[in-house]
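Read-outs: derived from the displayed coordinates by stated rules, not from any lab. As the structure is a computational prediction, the values presented were derived from the model and not from experiment. Here the Cβ is made from the backbone with ideal geometry for all residues, glycine too, and neighbour counts use every protein chain on show.
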Amino acid sequence: MKQVRILLTSVGVETGPNVINALKKSSDFTPYIIGTDNDPLAAGLYLCDEKVIAPRIDTPDYMSHLMQVCHTYRVDIIIPLLSKEMPFFASASQLLKEKAGIKIAISDPKTIQLCADKNLFVKFLIDHNIPAPRAFDEQDIKETDFPLFVKPITGSSSRYAIRVNSLADLEYIKRIAGPLSIQELLTGPEYTVDTLCDLEGTLVTAVIRERLEVKDGKAVKGRTVKDDDLIQLIKNLVSYVKIIGPSNIQCIKNQGIYTFFEINTRFSAGGLPLTVVAGVNLPALLVKIHLGMEIHPEELLYRENVYMSRYLTEVFPQPVRNLL
């Protein structure tokens, strides 16, 4: 089988091991995985074929370091894993392709910015007649509007994403979390839809997962479901937003209506293993799209009512002293 040299960035995030394990399951190519992280004890590093300690992405020497890694390890494809990295790679993707021949399936900077800003995204949904939570301007909120749901305008992992029951609660959260997106409180079953779009932005496949239990913004218990109406909404949404590559789209069936509130332009952190086990190996499909390999219809189909319950596992790095 063809060997493909794949660079995964920030492999210490929960997405890292999930993507690594999925790539290793491919029967169409042999992945040679180079993992980078700025933490020498990041667990994902020790699941890779090569591990590289990288500077933070917001440091001036990150690009030169990245180019050196790509040259040293003859990288074919970069898959960024961390939300904070997406603006950098969206802006740098053309340069990396021209200078180093590196492929990155990532949306353009405007799309990345739209999806990262919770207020902009909700406004975009409303402007395109896609069901979305009602958004509130802080100065217009009355006690009778509560309960509401708030979260930082930009951020991930559901940090400070919380129900608030009063103006006093709102003021407290604002002091510790900074500028907030303030929305109506949605109730009902919550879903994540794992999607993959090709390099032209056409939806290749989508897998619906019901989030049965969530911790720190990540699904720890879930199951796959099927709903043609939701898939059609997803097709429309990724087309409007102009998604390229992987994304995960979150919605709640609020009073019987699928109501969307977030898109992350990367692979899922919590539920990706469920999608893979159910039959759709999104990371492997992404590589096949890059390579121009044929994708068979059965690779895009998944089984319904596959359940997942997650747990932590460990790696034991040796020798630690050489890495610190």
By the scheme Lys and Arg +1, Asp and Glu -1, what is the net charge of all other residues having a beta-carbon under 13 Å from that of LEU212?
+4
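Based on the Cα gyration tensor of the chain, what are the three equivalent ellipsoid semi-axes, each the root of five times an eigenvalue, rounded to whole Å and given largest first?
33, 23, 19
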Within 15 Å, Cβ to Cβ, of LEU47, how many net charges do the neighbouring residues add up to if Lys/Arg are +1 and Asp/Glu are -1?
-3
Say each of TYR160 and THR187 gets a label point 7 Å from the Cα, pointing the same way as Cα to Cβ; how far apart are those two points in nm?
2.7
Quick check on the stretch 1-122: take the gyration tensor over C-alpha atoms, sort the square-rooted eigenvalues as a ≥ b ≥ c, and tell me if it's rounded (a/c under 1.5), prolate or oblate.
rounded
Ranked from highest to lowest mean number of other Cβ atoms within 10 Å per residue, what is the order of the peptides 74-87, 21-34?
74-87, 21-34
Fully extended, how many nm does the chain gain between GLN232 and SER309 (0.36 nm per residue separation, minus their Cα-Cα distance)?
24.9 nm
Nearest 0.05, what FRET efficiency do LYS97 and HIS128 give at R0 = 30 Å with Cβ-Cβ as r?
0.50
Counting pairs of alpha carbon atoms under 8 Å apart in space and at least six apart in sequence, what relative contact order in percent does the stretch 169-280 give?
28
Arrange the peptides 282-291, 57-66 so that the one whose residues have, on average, the most other Cβ atoms within 10 Å appears first.
282-291, 57-66
Could you let me know the centre-to-centre spacing of the stretch 194-273 and the stretch 5-51, using Cα atoms, in angstrom?
23
Using Cα pairs closer than 8 Å and at least 6 residues apart in sequence, work out the relative contact order for the stretch 3-104, in percent.
31
What's the local net charge at ILE182, with K and R +1, D and E -1, over the other residues with C-beta under 10 Å away?
-1
Rounded, prolate or oblate: which one fits the stretch 207-282, using the alpha carbon gyration tensor with axes a ≥ b ≥ c (rounded when a/c is under 1.5, else prolate when a/b beats b/c, else oblate)?
rounded
Over 30 Å between Cα atoms, which of LYS97/LYS151; LYS25/LYS97; LYS110/LYS174; LYS24/LYS118; LYS99/LYS242; LYS123/LYS215 qualify?
LYS97/LYS151; LYS24/LYS118
Quick calc: nm separation of the 7 Å Cα→Cβ label points for ILE53 and GLN3 -> 2.6
Packing-ranked peptide list from 254-260, 39-45, highest mean Cβ count within 10 angstrom first, is 39-45, 254-260
Return the FRET efficiency for the residue pair LEU167, LEU301: r is the Cβ-Cβ distance, R0 is 56 Å, and the value is rounded to the nearest 0.05.
0.70
Over the chain, what is the relative contact order in percent, taking alpha-carbon pairs closer than 8 angstrom and at least six residues apart?
17
